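Each value in this text was obtained by applying a stated rule to the coordinates, not by laboratory testing. Bear in mind the structure is a predicted one, so any value in this text is a computation, not a measurement. Positions of Cβ are backbone-derived with ideal geometry, glycine not excepted, and every protein chain shown enters the neighbour counts.
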Amino acid sequence: MLITGIKSRPVYDELTPMATGLSHVAAAQGSGGGVLVRLLGEMTPEQLATTTVLYSTESFTGKNHLADLQAFPVRELLVFPSNTEAVRGLDAFLLTAEMGTRLYLSGSEGFIGTSMQVATSYGMNTDEVLREHAGSFVRRVWCAHCSHYSENVTRRVFRCPGCERDLVVRDHYSRRLAAFQGVKADGEVPGELPDDEELDT
């Protein structure tokens with residue numbers, strides 16, 4: 001039997017320029033680019049001159065804001081064809097970032113979660129990072145049996161590509177894993193699967 005009602009999704013912010021930042025890095029994917037357009041439009045010329053933008057054109061909603069982002073006079077605009085590469089780019093950027101850097105994240109839940117894992121690994125704390133969700137709430141799922149991550153899951157029951165077990169997606173979101181948990185769907189009663197419904201995404 002599936003335990004429901006466990007809602008542990010992060011509470012997201014609204015991106016606004018942080019006045020205390022000496023330099024700024026804004027990372028987004030897909031629909032999150034629209035949020036960055038709004039953020040950059042609220043920045044002073046001095047803030048724009050110290051801002052690096054990382055943008056992944058991979059989108060779950062079909063939205064691409066690259067042309068709008070190119071219109072801003074930022075210090076640097078780095079474009080990536082996938083969310084995974086954008087997160088790697090963020091990792092490389094933060095490796096050399098100095099104290100006083102402020103981070104802005106926007107896009108899907110999976111993109112924000114994996115980007116936060118990178119930021120946390122460099123010791124960035126909550127007053128240095130703002131996160132705003134944009135676009136779809138498709139789920140990133142971690143398999144409790146083989147530790148495989150599956151992206152863009154939209155159904156309550158799905159087959160894990162890693163171990164090929166039928167998993168049920170629980171509503172618990174793990175910030176440490178940046179994913180929802182998937183467990184064996186018929187673990188309690190072999191052969192009995194829960195209803196395969198569309199997830200609340």
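Here the label points at Arg176 and Thr16, each 7 Å from Cα along the C-beta direction, are separated by 3.4 nm in the simple model. Per residue, the convex hull spanned by the Cα atoms of segment 56-116 amounts to 94 cubic angstrom.
Could you tell me which of rounded, prolate or oblate describes the chain, using a ≥ b ≥ c as the square roots of the eigenvalues of the alpha-carbon gyration tensor, with rounded for a/c under 1.5 and, failing that, prolate when a/b is larger than b/c and oblate otherwise? Prolate shape, in that a/c is at least 1.5 and a/b is the bigger ratio. Label-to-label distance for Ala67 and Glu197 is 4.1 nm, based on points extended 7 Å past Cα in the beta-carbon direction. Loop-located GluC sites (Glu not before Pro) in segment 89-142 (DSSP state other than H, G, I, E, B) with a sparse environment of at most 12 neighbouring Cβ atoms within 10 Å: Glu98. Put simply, when 23-33, 143-153 are sorted by average Cβ atoms within 10 angstrom per residue, most first, you get 23-33, 143-153.
What length, rounded to one decimal in nm, is gained on full extension from Thr120 through to Phe137, with 0.36 nm per residue of separation minus their alpha-carbon distance? Let's see the in-between values first.
Values: separation 17, 0.36 × 17 = 6.12 nm, distance 2.23 nm.
Going from the current span to full extension adds 3.9 nm.
Mind checking the full-extension length gain between Ser82 and Ser23? Use 0.36 nm per residue of separation minus the Cα-Cα distance, one decimal, nm. Could the numbers behind the result be given before it?
Values: separation 59, 0.36 × 59 = 21.24 nm, distance 2.48 nm.
Separation in residues times 0.36 nm, less the Cα-Cα distance, equals 18.8 nm.
Counting only DSSP H runs of at least 4 residues, each contributing -39500 (n - 2.57), and dividing by the residue count of the chain, the helix-based mean residue ellipticity at 222 nm comes to -6500 deg cm²/dmol. Computed from label points 7 Å out along Cα-Cβ, the spacing between Met99 and His145 is 5.0 nm. Sites listed here are trypsin sites (Lys or Arg not before Pro) in segment 130-201 whose DSSP assignment is loop and whose Cβ has at most 11 other Cβ atoms within 10 Å: Arg176.
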